[in-house]
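The values are calculated or read from the model by the stated rules, or taken from the named source; none is laboratory data. The structure presented is a predicted model; accordingly, all values stated were derived computationally and were not measured. Positions of Cβ are generated from backbone atoms using ideal geometry, with glycine treated the same way; all protein chains shown enter the neighbour counts.
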Amino acid sequence: MIEKLAAIIAVFTVIVIPLSCVFAGNIVNGRNETRQYNLGEIMLSVTDASADGDYLLKFFKGKKELITGDCAFRTHEPRTLKSTPLPGCRSLLAYCFSGGAHCCTTLFIATECGSSVSLDMADLGHSDKEVEFTQTKGPPGKVMKVHDWQFAYYGPEESDIQLSFVDSPAMTRLLVYDNGRWRVDRVGEFSEFYTNLDREAVKTAQSGQRRRGPGLTASIAIKAAYYEIMRGKPVEDAEEILNRLFPAEWRPKAGMVIQDINRAVYEFNPLEIVK
């Protein structure tokens, strides 16, 4: 059963802030230091909330607060990327970790391209590394690599087999900047990119099977089938991959698993529009 990941609680409010908070820089208020970052009409303030490393992220448009994130210890500092996702554009990335075992990180993405300024949030799930950008065949500009964690702790319904977190697969997906807004890539849109991932997963699955446990072997097979669908191939081809690569105890559940994979491919959308 595919479990939906919990995201941090985002609070949307509208408030008036002092004019002194509009300018970029560092402000020390008592023991709490606030760092500020500007991107066009969007301003980000980062305020230390406790000695344990907790902090608050707040995004503003002018004097209006757009969103607040209550974050645990800092994993990555906010950074602004030039010529991202397109030449002449800039993107400000800020990470917010919820705390707790394995979970969860939210990425705030402010993007300025010409007169267009957007603010989105992406649920990165269990990922704790900074996102990567890459250039691929398809829409112009850089795309953002994220991961689909819908198969964390996965087990087919009505069965006693289940993946541990260590064995759980995290499939690569792409976020695309399109018409002033980030969106999830579509099936078949980046066929060459997913073909390479598919071949790599199949090659990994076929080598060293005897040294791996059934959980990890099943996890790699799920990845390969997922990428087979993402490259634009029929679901039947993806199911054939499962039947070929699955360990013996997983093979009777291949039909059920491929339905979950196909549903996950089309339901994956970690993005939420803030502004």
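May I ask you to list pairs of residues, at least six apart or on different chains, whose Cβ atoms are under 7 Å apart, with the first in the stretch 189-216 being over 23 Å from P234 (Cβ atoms) and the second being surrounded by fewer than 16 Cβ atoms within 10 Å (Cβ to Cβ)?
From the stretch 189-216, the pairs are P214/E249; G215/S164.
This table checks each residue for (1) within 19 Å of W182 (Cβ to Cβ); (2) not hydroxyl-bearing (S, T, Y).
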{"position": "L39", "(1), (2)": "yes, yes"}
{"position": "S45", "(1), (2)": "no, no"}
{"position": "D52", "(1), (2)": "no, yes"}
{"position": "K58", "(1), (2)": "no, yes"}
{"position": "R74", "(1), (2)": "no, yes"}
{"position": "F97", "(1), (2)": "no, yes"}
{"position": "G114", "(1), (2)": "yes, yes"}
{"position": "G125", "(1), (2)": "yes, yes"}
{"position": "Q135", "(1), (2)": "yes, yes"}
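Within the stretch 237-246, is even one residue within 20 Å of the chain's Cα centre (by Cα) and either closer than 20 Å to V166 by Cα or at pLDDT 95 or above (or both)? Outline the logic, then answer.
Taking the stretch 237-246 as the starting set, the residues that turn out to be within 20 Å of the chain's Cα centre (by Cα) are none.
For the stretch 237-246, residues within 20 Å of the chain's Cα centre (by Cα) and either closer than 20 Å to V166 by Cα or at pLDDT 95 or above (or both): absent.
Among (1) under 26 Å from M43 (Cβ atoms); (2) surrounded by fewer than 17 Cβ atoms within 10 Å (Cβ to Cβ); (3) of a type outside the set (D, E, K, R), there is one condition V166 misses while meeting the rest; what is its number?
(1)
Give just the number: which of (1) more than 23 Å from I42 (Cβ to Cβ); (2) at pLDDT below 95; (3) over 18 Å from the mean Cα position of the chain (by Cα) does G188 not satisfy?
Checking G188 against (1) more than 23 Å from I42 (Cβ to Cβ); (2) at pLDDT below 95; (3) over 18 Å from the mean Cα position of the chain (by Cα), the one that fails is (2).
Taking the criterion of being under 23 Å from H126 (Cβ atoms) and aromatic (F, W, Y), would at least one residue in the stretch 52-70 satisfy it?
Looking for residues that are under 23 Å from H126 (Cβ atoms) and aromatic (F, W, Y), one finds at least one in the stretch 52-70, hence yes.
Matching residues to (1) in a strand (DSSP E or B); (2) modelled with pLDDT of 90 or more:
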{"residue": "R35", "(1), (2)": "yes, yes"}
{"residue": "T47", "(1), (2)": "yes, yes"}
{"residue": "G53", "(1), (2)": "no, no"}
{"residue": "K58", "(1), (2)": "yes, yes"}
{"residue": "L66", "(1), (2)": "yes, yes"}
{"residue": "R74", "(1), (2)": "no, no"}
{"residue": "P87", "(1), (2)": "no, yes"}
{"residue": "G99", "(1), (2)": "no, no"}
{"residue": "C103", "(1), (2)": "no, no"}
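Among the candidates T136, T105, which residue alone is touching a His at 6+ places or on another chain (Cβ under 9 Å), touching a residue at least 12 places away in the same chain (Cβ under 8 Å) and surrounded by 13 or more Cβ atoms within 10 Å (Cβ to Cβ)? Let's see the steps before the verdict.
Numbers: T136 fails: touching a His at 6+ places or on another chain (Cβ under 9 Å).
Residue meeting the stated conditions: T105.
Could you tell me whether Y226 is at pLDDT 95 or above, touching a Phe, Trp or Tyr at 6+ places or on another chain (Cβ under 7 Å) and not in a strand (DSSP E or B)?
Numbers: at pLDDT 95 or above: yes; touching a Phe, Trp or Tyr at 6+ places or on another chain (Cβ under 7 Å): no; not in a strand (DSSP E or B): yes.
It is false that Y226 is at pLDDT 95 or above, touching a Phe, Trp or Tyr at 6+ places or on another chain (Cβ under 7 Å) and not in a strand (DSSP E or B).
Among the residues in the stretch 172-183, are any over 20 Å from G125 (Cα atoms) and in contact with a Lys or Arg (Cβ under 7 Å, 6 or more places away or on another chain)?
Narrowing the stretch 172-183 to residues over 20 Å from G125 (Cα atoms): 177-181.
Applying the additional criterion that residues be in contact with a Lys or Arg (Cβ under 7 Å, 6 or more places away or on another chain) yields none.
No, the conditions are met nowhere in the stretch 172-183.
Looking only at the stretch 169-188, count every residue that is more than 18 Å from T111 (Cβ to Cβ) and surrounded by fewer than 20 Cβ atoms within 10 Å (Cβ to Cβ) and tell me the total.
Going through the stretch 169-188 one residue at a time, the tally reaches 5.
Name the residue, out of K137, K129, that is touching a Phe, Trp or Tyr at 6+ places or on another chain (Cβ under 8 Å) and at pLDDT below 95. Let's see the steps before the verdict.
Working: K129 fails: touching a Phe, Trp or Tyr at 6+ places or on another chain (Cβ under 8 Å).
Just a single option satisfies the conditions, and that option is K137.
Within the stretch 119-150, can you find the residues that are small (G, A, S) and more than 20 Å from F268 (Cβ to Cβ)? Full working, then the answer.
Going residue by residue through the stretch 119-150, those that are small (G, A, S) are 122, 125, 127, 138, 141.
Within the stretch 119-150, G141 is the sole residue that qualifies.
Identify the single condition in (1) assigned to a helix (DSSP H, G or I); (2) surrounded by fewer than 24 Cβ atoms within 10 Å (Cβ to Cβ) that K233 does not satisfy, given that it satisfies every other one.
Unmet for K233, out of (1) assigned to a helix (DSSP H, G or I); (2) surrounded by fewer than 24 Cβ atoms within 10 Å (Cβ to Cβ): (1).
Could you say which residue among Q162, Q150 is of a type in the set (S, T, N, Q) and either touching a residue at least 60 places away in the same chain (Cβ under 8 Å) or within 30 Å of S116 (Cβ to Cβ) (or both)? Reasoning before the result, please.
Working: Q162 fails: either touching a residue at least 60 places away in the same chain (Cβ under 8 Å) or within 30 Å of S116 (Cβ to Cβ) (or both).
Residue meeting the stated conditions: Q150.
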